[in-house]
Structures are given as C-alpha cells and as structure tokens.
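Only one structure is covered here, and it is reproduced in the block below.
The values are calculated or read from the model by the stated rules, or taken from the named source; none is laboratory data. All of these numbers come straight from a predicted model, not from anything done at the bench. Here the Cβ is made from the backbone with ideal geometry for all residues, glycine too, and neighbour counts use every protein chain on show. Surface areas here come from the heavy atoms of the whole protein model, side chains and all, with no ligands, DNA or RNA. Shrake-Rupley method; radii C 1.70, N 1.55, O 1.52, S 1.80 Å.
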Amino acid sequence: MATRTDAPTRREQILKEAARLFAERGFHGVGVDEIGAAVGISGPGLYRHFPGKDAMLAELLVGISGQLLTGGKRRVAEAGGGPQALLDSLIEGHIDFALDDRPLITLHDRELDRLRDSDRKLVRQLQRQYVELWVEVVREVYPALTEPTTRSAVHSVFGLLNSTPHLGRPGVLPGRGVTAALLHRMALGAFEAAAGAE
C-alpha cells in the first residue's frame, strides 16, 4: 500500500519484485538471483538487505497486514461525516490495496503457511484487529446486525475485494476508476444484504 510519492528505496524495490515473482511462480519457484536481477543487483547482493527469502516473505506479509491496520486506524481517526462516511472510507482504502497490491493478495493466499509460527501469528493478530475495526464501524451503520453476523459480513466483503487477482490481467479490467466504483457498490450491497437478512 504505497502512500508516499518519493522514489522507493532499494529495499522497497526488492520487496515489490519479490512479491511479484513469488505471486507469479510461488515462493520455491523463485531464487535470490532472479529477485536480484529484477532490481539490477546480484543475488548475493540481496543479503545486504535481507537475510534470505524467508525474511522477504515475512516482511511482505507482516508488513501489508500492519499497513492495512494502520491505514484503517488513520481513516477512523481522521473521519468526518459520520459512520457511513467512515465505512465508505474504509472500503476505499481496502479497494486501493486490492487493486494496487494484487501480488500481495496472491502471496498471502498461497504462502502464509510458509512463515515461521511467530510471523504467522503476528499476521493473524494484525488481521483480527483490522477485522474488529471494521466490525465496529459496520455495526454503527447497521446497528441491528449482531456481532457474529457483522464479522461474517466483513470477512465476506474482504473475500469479495481480495478477489481482484482473479479478475484477469490488469489490461482486461474496465479501468481502475470503474473497477473501484464497482467494488465499492458491491461491498456496500453485501452489507445491505446482511442487514436485510437480520
């Protein structure tokens, strides 16, 4: 989830290319030499930045989970306009992630189990906090929803939004703005449907 406008550091370049390559070929299908070549350094040169591929994978998956939570908390803190505006803001933030960081979604789906137990537990802890942040906001918008139903609805919306890697190649989509608007309407529709079922 890039929010800065300055040039990425070498470490960030390595992580971006590692995410892309891991998503395309799988963690074990990519060597350090390939990652290094993708950023213009030798494979062994990567070891100045990371102890190994496992460390890159951990930083990618722990990092994005932390960024989503931090971004969600920031949106809550900066919110103006009431619960619906805040929910719209959370949805927009997650859509930005889903459209801009598609390799990380694929990587999470395929490679989370490859993390060390401590890193995997940290990812899950950060994700639970992110879900609970959403649950609070959704329940403000739809107070009749029970907490378990709200949590299920939030997970369902995440599933919908995180399906972007399966939408096809980026050039096949109707355009970022159109896709983002469609995903936003669908997310709101899912919450409306959950509220209508209670």
Total residues in the range 131-164, condition more than 25 Å from residue 100 (Cβ to Cβ), touching a residue at least 24 places away in the same chain (Cβ under 8 Å) and not in a helix (DSSP H, G or I):
4
Top-ranked residue of the range 4-60 - restricted to ones that are more than 30 Å from residue 71 (Cα to Cα) and not in a helix (DSSP H, G or I), ranked as nearest to the chain's Cα centre (by Cα)
30
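Let's see how each residue does on (1) out of contact with any strand residue (DSSP E or B) (no Cβ under 7 Å at 6 or more places or on another chain); (2) over 30 Å from residue 18 (Cα atoms); (3) modelled with pLDDT of 95 or more; (4) not β-branched (Val, Ile, Thr):
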site: 99; (1), (2), (3), (4): yes, no, no, yes
site: 129; (1), (2), (3), (4): yes, no, yes, yes
site: 154; (1), (2), (3), (4): yes, no, yes, no
site: 157; (1), (2), (3), (4): yes, no, yes, no
Of (1) in contact with a helix residue (DSSP H, G or I) (Cβ under 8 Å, 6 or more places away or on another chain); (2) more than 20 Å from residue 190 (Cα to Cα); (3) open to solvent by 70 Å² or more (accessible area, probe 1.4 Å), residue 84 satisfies every one except (2)
Which numbered condition residue 128 fails, given (1) touching a helix residue (DSSP H, G or I) at 6+ places or on another chain (Cβ under 8 Å); (2) in a helix (DSSP H, G or I):
(1)
